[in-house]
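Written out below as C-alpha cells is the structure these notes cover.
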Ligand SMILES: *Cc1c(COP(=O)(O)O)cnc(C)c1O
C-alpha cells in the first residue's frame with residue numbers, strides 16, 4: 001500500500017456547507033411548499049455580459065479555422081491579457097507592476113493554495129478569524145500545522161480576530177511573522193482594510209521580512225475611493241506582497257474559470273542556509289511545470305472586460321449586486337439589527353440578536369422565513385454570533401427575502 005499524506009487526516013471533514021445542505025434538505029422535505037431563498041453561497045447569479053460573450057464567440061471561431069487555430073499558449077497567459085491587467089488594474093492606479101509579473105490561472109482558490117508549494121514548512125503563519133477556509137485547510141494539507149483543536153483552529157497558525165470591537169481591522173500580532181494572509185474586501189465579513197491599516201501591515205511585513213498574501217477577489221466591489229484596491233498602492237509592497245485576483249466575482253467567471261496572481265520580481269525569500277532567492281523565479285517554475293495555461297477562449301473573454309464597453313457592462317452587473325447589498329443593509333438596519341459590510345463588498349455580516357448563536361439564527365431564518373444564509377461561526381470562532389448574507393441574487397429574491405424577514409422573523 002502506498003503511504004498517504006497524513007496531513008489530510010488532520011482536516012475536519014468539510015463541515016459548513018454540507019451541514020447547511022443537510023438542514024435545508026431536511027426542512028424542504030418537511031415543508032415541500034416552502035419557496036426557499038438561498039442567500040448563503042458566494043456564487044454569482046447574473047449571466048456573462050455581451051462584450052465577454054462576443055469576445056468568446058470570436059475566439060471560438062478562431063479555433064475553428066486552421067489559420068487562426070491555437071494550441072498550447074504560454075503557461076503564464078497570453079500577452080494581450082497580461083498587458084491589459086498590468087495596465088488597467090495596476091499601472092493606471094499608480095502601481096508599479098509589469099505584465100510579466102502577472103500569472104494568469106484558472107482560479108484564485110487554486111492559486112492561494114498552490115502558492116504554498118514554493119514556501120518552506122517552518123514559517124510562522126498569520127490568518128484572520130473569521131477566515132476564508134481555503135487558507136487554513138491548504139496549510140494543513142501542506143503540513144504547516146498540527147491537528148485542529150476543539151475550536152476548529154489549526155495548531156501552529158496565529159489567528160488575529162476581526163470583530164465589531166476592532167471594526168473588523170485585524171490587529172498586528174505580537175512577535176514575528178513570515179506569511180500573512182489578508183483578504184480585502186473581506187469574505188466573509190464584507191469589511192475592507194483602510195489605507196492606514198494596510199500601510200501598518202506592509203510596515204510589519206517589511207520589518208519581519210515576511211510576505212503578505214493579499215486576496216483582492218472582491219476588489220471590483222470597492223466604491224469608496226479612499227480604500228486601496230491593490231496592496232501595491234502601498235509604498236514598499238513590491239518587496240513584501242503577492243496579490244491574488246480573480247475574474248470570478250468581477251466578471252461572473254465562477255463557472256468560466258480565470259484569475260491571476262501578481263508576483264513582483266523584487267520579492268525575496270531565503271533558503272534554509274540564509275541565501276536570498278527571488279520568489280518570482282520559483283513561482284514561474286512551479287506555474288510552468290504544474291500548469292499548462294488557461295484556454296484561449298477564456299482569456300479572450302477575460303480581456304473583454306478591459307474594453308470600454310466591457311467595463312461599463314460589468315460595472316452595471318456589480319451595481320446590481322451592490323444595490324442588493326444596500327437593500328439588505330437598510331432593511332435589516334430598519335429592524336434594529338446591527339449590520340456590517342455590504343458597502344464595498346457583496347456580503348452583509350450581521351450580528352445575531354441577543355445571545356442567539358450563529359446556528360440558532362440560521363434555523364430561525366430558515367424555519368420562519370425560508371431564507372438560507374451562512375452561520376458566521378463556520379468561518380472561525382470569532383465569527384460566532386454573526387451571520388453572512390450574500391448579495392449575489394436576483395432583485396426579486398432579495399426583496400422577497402427582506403419582506404419575509406420583516407414580517408415573519410421572530411428571534
Ligand atoms: C470567490 C473567492 C475567490 C475566487 O476564487 P476563484 O477560484 O478564482 O473562483 C478567492 N478568494 C475569496 C476569498 C473568494 O471568496
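The numbers here are math on the coordinates, done by the rules we state, and not lab data. What you see is a predicted model; the values in this text were computed from it and never measured. Using ideal geometry, Cβ is built from the backbone for each residue, glycine included, and neighbour counts are taken over all protein chains shown.
Just a few scattered comments:
- Spacing of the modelled spin labels on residue 273 and residue 356, each 7 Å from Cα toward Cβ, amounts to 6.2 nm.
- Rounded FRET efficiency, nearest 0.05, which uses the C-beta distance separating residue 54 from residue 164 and R0 of 35 Å: 0.20
- Of all DSSP beta bridges in the chain, antiparallel share, percent nearest 5: 60 percent
- In this simple spin-label approximation, residue 46 and residue 134 carry label points 7 Å from Cα along the Cα→Cβ vector, and these lie 2.2 nm apart.
- Dividing the convex hull volume of the alpha carbon atoms of the chain by its residue count gives 172 Å³ per residue.
- Distance from the C-alpha centroid of region 160-212 to that of region 333-370: 25 Å, rounded to the whole angstrom.
- Multiplying the residue separation of residue 1 and residue 319 by 0.36 nm and subtracting their alpha-carbon distance yields 109.0 nm.
- GNM result for the chain, Cα springs below 10 Å: residue of 68, 169, 128 fluctuating most strongly: 68
- Helix-only [θ]222 nm of the chain, DSSP H runs n ≥ 4, -39500 (n - 2.57) each, per residue, nearest 500: -10500 deg cm²/dmol
- Approximate spin-label separation residue 121-residue 333, in nm, with each point projected 7 Å along Cα-to-Cβ: 5.0 nm
- Contact order normalised by residue count of the chain, Cα under 8 Å, 6+ apart, percent: 23 percent
- Applying 1/(1 + (r/R0)^6) with r as the Cβ-Cβ distance of residue 61 and residue 282 and R0 = 25 angstrom yields a FRET efficiency of 0.05.
- Inter-part distance where region 283-304 and region 1-71 are each reduced to a Cα centre, Å: 20 Å
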